[in-house]
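Notes follow once the structure below has been shown.
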Amino acid sequence: MRLPLIACLVLACTGAAAETAPAPPAVVACDNLVTLRRLMVQQPEGDTIPAEFGGCRAIPAEGVGDVEKRAMIGDAPYECRSLKDGPCLWVRP
């Protein structure tokens, strides 16, 4: 009687441990603010970047550092944030 119960508990515990952690969120960033604004007009959401936006890329959120520059255009704040392995990039607000 106890053996099936123990087997169920073991299977339930191993199934929960086998779940993979979700991928870290990506941040869309561009070399310059003009390119970022053009990308936001064409692709307002998501982290897919069309080929014509060569200066833009999706980077892991943990790779983004402190703010180096700020700009306000209309009511939207934009930030150029330093990367752990490179120069600052303008990130999507």
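Restricting attention to region 40-78, the residues that are among the aliphatic types (A, V, I, L, M) and touching an Asp or Glu at 6+ places or on another chain (Cβ under 9 Å) add up to 3. Remark: pairs (first residue in region 31-46, closer than 21 Å to Gly86 by Cβ and open to solvent by 90 Å² or more (accessible area, probe 1.4 Å); second residue polar (S, T, N, Q) and at pLDDT below 95; Cβ separation under 6 Å; 6+ apart in sequence or on different chains) are absent. Among the residues making up region 50-70, those that are at pLDDT 90 or above, over 12 Å from Ala26 (Cα atoms) and open to solvent by 30 Å² or more (accessible area, probe 1.4 Å) are Asp66, Val67, Glu68, Lys69, Arg70.
The values are calculated or read from the model by the stated rules, or taken from the named source; none is laboratory data. If you're wondering where the values come from, they're calculated on a predicted model, not measured in any experiment. Because the Cβ atoms are built from the backbone with ideal geometry, glycine has one as well, and the counts that use them run over all protein chains shown. In case anyone asks, the SASA skips ligands and DNA or RNA and just uses the protein heavy atoms, side chains included. Shrake-Rupley method; radii C 1.70, N 1.55, O 1.52, S 1.80 Å.
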